[in-house]
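Since the structure comes first, as structure tokens, the remarks are kept for the end.
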Amino acid sequence: MIPLLLGVVLVWYSLSQISISKLIQYFKNADYFWIVLGVACGVLSHLSRAYRWLFMAEPLGYKPKLANSFMAVYSAYLINLTIPRAGEVARASILTNYENIPFDKGFGTIVAERVADTIMLLLIIGLALILEFEFIYEFFANKFNSSTLIFGVLILFGLAVLMYALIIRSSSQVALKIKEFIGGLVEGVLSIFKMKKKWSFIFHTIFIWVMYLFMFYITTFALPEIEQIPLAAILIGFILASFSIAATNGGIGSFPEAVVIAFGLFSIAEDPSRAFGWIMWSTQTLIIIILGGVSLIYLPIYNRKKAGI
């Protein structure tokens, strides 16, 4: 309930910062060619995600249908709008029902997928730090003096080393769970390199995230007020927006405000930034609701036909 309540509060806050009539005006004036193109990038990324999963099922001795995998992906995204992370469980259940893949194995491959996605997000964060190091350094240097900044980094590094040492040496249940989790992440990453079509898997992983970035970037052209924003704003906006999706149910309320925070670092006005966040979140969510709903309805029909019933 906490993410849902947080989402409701953020929706209230966001709409209190911009009048509904002004927001509607932004929706009316938007260039929907770019919005549709951004939506297409989103659909391509999800199709690639469905196809990528087939490479993970193959070593387990299964050859699931792409249609079932695609509909399971969209069904999972739809269910995530109601209960965070419940979509992954639902996706594994769908594959169990219609592809006879044991739940634990199917869920394990989905977790391994998430490991690959986490690595890609970390790489994008690293890319943003490299490309925009000067901007990021100057931003924090203006907020804090150099000695404070260096001292803060050293403290964080020291705490990280200390925590790592304590976890390695500790035999407590919490430490064991953390070590088990980290071990699972490492095992998941290594399993990617053991599969027969690992390069295809890596290609699709990169393609998925490139499409995510394009989806975000292309949609900025829909509003004249922000179509000339710098690359740094795109990268930081995308990163914060990605984290916002995990913060509340599908990013409800948090997505537009994450965009406002990111774009605000570059002195971009709040109204068009907030309107962009709402336009992008609304259109992408609408597609998830439509395709996710159709998928849930059509899955039993499609598989009944395939079974000849």
Val73 among the β-branched types (Val, Ile, Thr) and modelled with pLDDT of 90 or more: yes
Candidate set: region 69-107, residues that are over 16 Å from Met56 (Cα atoms), touching a Phe, Trp or Tyr at 6+ places or on another chain (Cβ under 9 Å) and touching a residue at least 24 places away in the same chain (Cβ under 8 Å); chosen: the one surrounded by the fewest Cβ atoms within 10 Å (Cβ to Cβ): Tyr98
Flag for Phe238 being surrounded by 16 or more Cβ atoms within 10 Å (Cβ to Cβ), among the aromatic types (Phe, Trp, Tyr), modelled with pLDDT of 90 or more and more than 14 Å from the chain's Cα centre (by Cα): no
Qualifying residue in region 108-124 (condition: within 15 Å of Phe238 (Cα to Cα), of a type in the set (Val, Ile, Thr) and modelled with pLDDT of 80 or more): yes
Unmet criterion (only one of (1) modelled with pLDDT under 75; (2) closer than 30 Å to Ile178 by Cα) for Phe144: (2)
Subset of region 174-196 [over 18 Å from Glu113 (Cβ atoms) and either modelled with pLDDT of 75 or more or among the hydrophobic types (A, V, I, L, M, F, W, C) (or both)]: Val174, Ala175, Leu176, Ile178
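Which residue out of Leu299, Leu291 is in contact with a His (Cβ under 9 Å, 6 or more places away or on another chain) and farther than 27 Å from Leu235 by Cα?
Working: Leu299 fails: in contact with a His (Cβ under 9 Å, 6 or more places away or on another chain).
Going through Leu299, Leu291 in turn, the sole match is Leu291.
I need the full set of residues from region 85-116 which are of a type in the set (A, V, I, L, M) and more than 22 Å from Ser244 (Cα to Cα), in order please.
Ala92, Ile94, Leu95, Ile101
Residue-by-condition table, conditions (1) in contact with a Ser or Thr (Cβ under 6 Å, 6 or more places away or on another chain); (2) not polar (S, T, N, Q); (3) not in a loop (DSSP other than H, G, I, E, B):
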{"site": "Gln25", "(1), (2), (3)": "no, no, yes"}
{"site": "Ile35", "(1), (2), (3)": "yes, yes, yes"}
{"site": "Tyr51", "(1), (2), (3)": "no, yes, yes"}
{"site": "Phe70", "(1), (2), (3)": "no, yes, yes"}
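Just to verify a result, which residue in region 198-227, among those that are among the aromatic types (Phe, Trp, Tyr) and surrounded by fewer than 19 Cβ atoms within 10 Å (Cβ to Cβ), is farthest from Lys28 (Cα to Cα)?
Trp199
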Count of region 213-233 residues which are part of a helix (DSSP H, G or I) and modelled with pLDDT under 90: 3
Test: Ile35 is loosely packed, with under 13 Cβ neighbours inside 10 Å, of a type outside the set (Phe, Trp, Tyr) and either on the phi > 0 side of the Ramachandran plot or within 21 Å of the chain's Cα centre (by Cα) (or both): no
Hits in region 249-271 (condition: under 12 Å from Ile229 (Cα atoms) and either in contact with a strand residue (DSSP E or B) (Cβ under 8 Å, 6 or more places away or on another chain) or buried (at least 22 other Cβ atoms within 10 Å of the Cβ) (or both)): Ala262, Phe263
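So if I check each of Ile288, Ile297, which one is modelled with pLDDT of 90 or more, under 19 Å from Trp34 (Cα atoms), among the aliphatic types (A, V, I, L, M) and assigned to a helix (DSSP H, G or I)?
Ile288
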Extreme residue, surrounded by the most Cβ atoms within 10 Å (Cβ to Cβ), among residues of region 38-64 that are small (Gly, Ala, Ser) and within 30 Å of Pro224 (Cβ to Cβ): Gly38
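The values are calculated or read from the model by the stated rules, or taken from the named source; none is laboratory data. On a predicted model such as this, the values are computed, not experimentally measured, just so you know. Note: ideal-geometry Cβ built from the backbone for every residue, glycine included; neighbour counts use all protein chains shown.
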